[in-house]
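J.: Can you read through this structure? Questions will come right after.
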Amino acid sequence: MCGIIGNFNKKKLDNDSKKKLIEIIYLLKCRGPDNSDYFFDNNNFLGHTRLSIIDLSSNSNQPILSNCKRFVMSFNGEIYNFKKLASLLDENNIVNFSDTKVLVELISKFGIDFTLKKIQGMYAISIFDKKNNYLYLARDFFGKKPLYYFHNNDQIFFSSTLLPIIKNSEIKKKINPEALSYYFN
């Protein structure tokens, strides 16, 4: 299992806010002790903690950039049919042969909709399209890999665990009675 985390904000992030986001990655260290890293692009942030399973090298460290540098992905899970799907890609696009690299290159070449229809596995994916300044979040059909999020008009903050959302001082914690009703029903 790995940990994914992200914050996409309309407001400009100051250095103190960026430092807090980097520090909050360590709340996910229990999900991925092998590596942690992050990506910033203006007001957008993706973080990742990695538990190395398929590819033990640093080639699959995340957040990972597509070869064209348009897409940045932080991914938790396993794509069972990645070897079969790799045949859809040019061999020179695959530097390392892992589900992580195959996934980001499939999205880059064929788009998110095509890729999500083709992949089989358990996953939570965050992918940032730098060209269109757009964030995609996706989970497998059964939701085996957790993905929690907070959003308002100014930002979306997400994580593999609730702890970063709870500890994030910029998120006001208030129970939504309508959502609570849906939860208990």
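J.: How would Arg139, Arg70 line up by accessible area, probe 1.4 Å, largest first? Don't skip to the end; give the middle numbers.
T.: On the way: Arg139 105, Arg70 70 Å².
Descending accessible area places them as Arg139, Arg70.
J.: Hey, another quick one. Under 19 Å from the 7 Å Cα→Cβ point of Leu163, by amide nitrogen: which residues of the stretch 65-79?
T.: 75-77
J.: Angle check, please: helix 15-24 long axis (alpha carbons) against the longest principal axis of the chain (alpha carbons), in degrees 0 to 90, nearest 10.
T.: Around 70 degrees separate the two axes.
J.: Give me the percent of the accessible area of the stretch 71-185 that comes from carbon and sulfur atoms, probe 1.4 Å, all protein chains in place.
T.: 53
J.: Going by a ≥ b ≥ c, the root eigenvalues of the Cα gyration tensor, does the stretch 71-150 fall in the rounded group (a/c under 1.5), the prolate group (a/b larger than b/c) or the oblate group? Spell out each step's value before the answer.
T.: Numbers: a/c = 1.93, a/b = 1.24, b/c = 1.55.
Here the stretch 71-150 falls in the oblate category.
J.: Further question: Round to the nearest 10 and report in Å² the accessible area of Leu162, as given by a 1.4 Å probe over the protein chains' heavy atoms.
T.: Here the residue's solvent-accessible area equals roughly 90 Å².
J.: Here's another thing I want to ask about it. Suppose every Lys and Arg Cβ carries +1 and every Asp and Glu Cβ carries -1, with no other charges. What dipole size does the chain come out with about its Cα centre, to the nearest 20 debye? Present the calculation step by step, with values, prior to reporting the outcome.
T.: Values: 26 positive and 18 negative charges, 69 e Å.
It comes to approximately 340 debye.
J.: Size of the dipole of the stretch 97-167 about the Cα centre, Lys and Arg at +1 and Asp and Glu at -1 on the beta carbon, nothing else charged, in debye to 20? Write out the running numbers ahead of the final one.
T.: On the way: 10 positive and 6 negative charges, 25 e Å.
The calculation lands at about 120 debye.
J.: Which whole-number percent gives the relative contact order of the stretch 62-159, counting Cα pairs below 8 Å spaced six or more residues apart? Don't skip to the end; give the middle numbers.
T.: Numbers: 151 pairs, mean separation 26.7, N = 98.
About 27 percent, as a whole number.
J.: A follow-up question, please. Please give the solvent-accessible surface of Lys69 in Å², to the nearest 10, using a probe radius of 1.4 Å with every protein chain present.
T.: 110
J.: Just to confirm, what accessible area per residue do you get for the chain at 1.4 Å probe, in whole Å²? Let's see the in-between values first.
T.: Values: 10590 Å² over 185 residues.
That works out to 57 Å² for each residue.
J.: What do you get for chymotrypsin sites (Phe, Trp or Tyr not before Pro) in the stretch 138-185 restricted to DSSP loop and a cutoff of at most 15 other Cβ within 10 Å of the site's Cβ? Walk me through the numbers before you get to the answer.
T.: Details: sites: Phe141, Phe142, Tyr148, Tyr149, Phe150, Phe157, Phe158, Tyr182, Tyr183, Phe184; in loops: Phe141, Phe142.
Of the chymotrypsin sites (Phe, Trp or Tyr not before Pro), the ones in loops of the stretch 138-185 whose Cβ has at most 15 other Cβ atoms within 10 Å are Phe141, Phe142.
J.: Using a 1.4 angstrom probe with every protein chain in place, what is the largest-first accessible-area order of Lys145, Lys84, Lys167? Intermediate values should be presented prior to the final figure.
T.: Numbers: Lys145 30, Lys84 155, Lys167 125 Å².
In descending accessible area the options line up as Lys84, Lys167, Lys145.
J.: Of His151, His48, which has the most accessible area with a 1.4 Å probe, and how do the rest follow in descending order?
T.: On the way: His151 115, His48 0 Å².
Accessible-area ranking of His151, His48, largest first: His151, His48.
J.: In straight Cα distance, which lysines are under 25 Å from Lys117, not counting same-chain residues fewer than 8 positions off?
T.: Lys69, Lys83, Lys84, Lys101, Lys109, Lys130, Lys131, Lys144, Lys145
The values are calculated or read from the model by the stated rules, or taken from the named source; none is laboratory data. Predicted model only: the values in this text are computed from it and were never measured. FYI the Cβ positions are ideal-geometry reconstructions off the backbone, even for glycines, and counts take in every protein chain you see. What goes into the accessible areas is simple: the full protein's heavy atoms, side chains included, and nothing from ligands, DNA or RNA. Shrake-Rupley method; radii C 1.70, N 1.55, O 1.52, S 1.80 Å.
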